[in-house]
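Read the structure below first, then the notes.
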Amino acid sequence: MMKREELLYEGKAKKVYATDDPNLVLVDYKDDATAFNGLKKGSIQGKGAINNRITNHLMQLLEKQGIPTHFETELSERETLVKKVTIVPLEVIVRNIAAGSLAARLGLPEGTKLQKTVLEFCYKDDELGDPMVNSYHIAAMGWATDDELKLISDYSLRINDILTSYLKELGIELIDFKLEFGKTSGGTIVLADEISPDTCRFWDSQTHEKLDKDRFRRDMGGVEDAYHEIMKRLMGE
Ligand code: ADP
Ligand code: UDP
């Protein structure tokens with residue numbers, strides 16, 4: 001049995017622990033919810049367990065389709081063993097439909113279909129509010145090499161294709177989502193962090209009802225029900 005050793009990092013949604021294997025860390029998902037760079041704080045009952053299971057389900061689906069991920073073993077309701085990586089300090093945002101900050105920035109009504117998938121990169125830095133950056137900033141700051149950024153971009157678009165068609169069958173429209181990548185001790189780039197209703201916009205295909213963290217961000221109510229509904233559609237429970 002994998003031993004949970006010292007706490008390496010406590011973030012807004014997860015805790016990361018060392019284990020007795022230097023190449024593996026244990027991720028523990030919390031019910032805490034934050035939005036607007038930590039300004040809005042709350043809790044979503046049962047979220048940790050749901051996000052753990054949804055993330056692991058989707059990461060295994062992606063692995064089967066040839067996307068390398070950090071996933072190793074689900075240990076409990078909230079805990080998963082993953083490969084320890086050095087996180088590339090970028091949030092990769094993939095967008096199919098305009099919503100959130102893109103809708104605001106370009107003055108588009110939410111729900112406007114984009115003619116082509118949009119990739120955005122933000123520098124992961126809470127103090128700076130995760131500013132948007134481009135490939136020149138990324139190379140100039142040494143956050144990723146041009147080859148690494150190309151690979152990350154290719155993986156992100158492939159992940160979008162796989163998830164969009166998988167979710168479509170379940171009556172879920174994938175509006176946009178955020179990915180993080182990391183480098184293993186062997187130097188391989190893998191998908192890391194999570195894929196959940198905290199990090200994706202999911203809309204019901206028929207009613208366009210929001211089934212994600214926007215219900216928390218925008219005080220819409222029915223937050224727990226939305227997370228449960230996504231888990232039920234993905235995993236049948
Ligand atoms: P935040 O840091 O934004 O508050 P979380 O609460 O989700 O976010 O914290 C989890 C942290 O663990 C994030 O900083 C994430 O980049 C990092 N992380 C995710 N996967 C791995 C991994 N496989 N190895 C090391 N760190 C990881
Ligand atoms: N996102 C995320 N973490 C962040 C910022 C964004 O998971 O720190 C996700 C968010 O859930 C959405 C997508 O990335 O699915 C695009 O978010 P957007 O830029 O529209 O920002 P927001 O409206 O969340 O401020």
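The values are calculated or read from the model by the stated rules, or taken from the named source; none is laboratory data. As the structure is a computational prediction, the values presented were derived from the model and not from experiment. Cβ sites come from the backbone with ideal geometry, for glycine too, and all protein chains shown count toward neighbours. We work out accessible area using only protein heavy atoms, side chains counted, and drop any ligands, DNA or RNA first. Shrake-Rupley method; radii C 1.70, N 1.55, O 1.52, S 1.80 Å.
Before we move on, is Glu10 surrounded by fewer than 21 Cβ atoms within 10 Å (Cβ to Cβ), in contact with a Leu (Cβ under 9 Å, 6 or more places away or on another chain) and either touching a residue at least 12 places away in the same chain (Cβ under 8 Å) or not basic (Lys, Arg) (or both)? Working first, answer last.
Working: surrounded by fewer than 21 Cβ atoms within 10 Å (Cβ to Cβ): yes; in contact with a Leu (Cβ under 9 Å, 6 or more places away or on another chain): no; either touching a residue at least 12 places away in the same chain (Cβ under 8 Å) or not basic (Lys, Arg) (or both): yes.
So Glu10 fails the test.
Any idea which of (1) buried (at least 16 other Cβ atoms within 10 Å of the Cβ); (2) at pLDDT 95 or above; (3) not hydroxyl-bearing (Ser, Thr, Tyr) is the one Arg4 doesn't satisfy?
Every listed condition holds for Arg4 apart from (2).
What's the number of the only condition in (1) in contact (Cβ under 8 Å) with a residue 60 or more places away in the chain; (2) within 10 Å of ligand 1 (Cβ to nearest atom) that Gly100 fails to meet?
For Gly100, the failing item is (2).
If you take the residues of the range 204-237 that are within 19 Å of the chain's Cα centre (by Cα) and hydrophobic (A, V, I, L, M, F, W, C), which of them is most open to solvent (accessible area, probe 1.4 Å)?
So the residue we want is Met235.
Every residue in the range 29-45 that is open to solvent by less than 20 Å² (accessible area, probe 1.4 Å) and within 25 Å of Leu163 (Cβ to Cβ), please. Outline the logic, then answer.
Here is the first cut: in the range 29-45, the residues open to solvent by less than 20 Å² (accessible area, probe 1.4 Å) are 29, 33, 35, 38, 44.
The answer is Tyr29, Ala33, Ala35, Ile44.
Of the residues Asn23, Asn51, only one is within 14 Å of ligand 1 (Cβ to nearest atom), open to solvent by 10 Å² or more (accessible area, probe 1.4 Å) and touching a residue at least 60 places away in the same chain (Cβ under 8 Å); which? Break it down stepwise before answering.
Numbers: Asn51 fails: open to solvent by 10 Å² or more (accessible area, probe 1.4 Å).
Going through Asn23, Asn51 in turn, the sole match is Asn23.
Restricting to the range 136-162, name every residue that is assigned to a helix (DSSP H, G or I) and either of a type in the set (Val, Ile, Thr) or modelled with pLDDT under 95 (or both). Before you say what the answer is, go through the steps one by one.
We begin by selecting, within the range 136-162, every residue assigned to a helix (DSSP H, G or I); these are 136-141, 146-162.
Within the range 136-162, Ile138, Ile152, Ile159, Ile162 meet the criteria.
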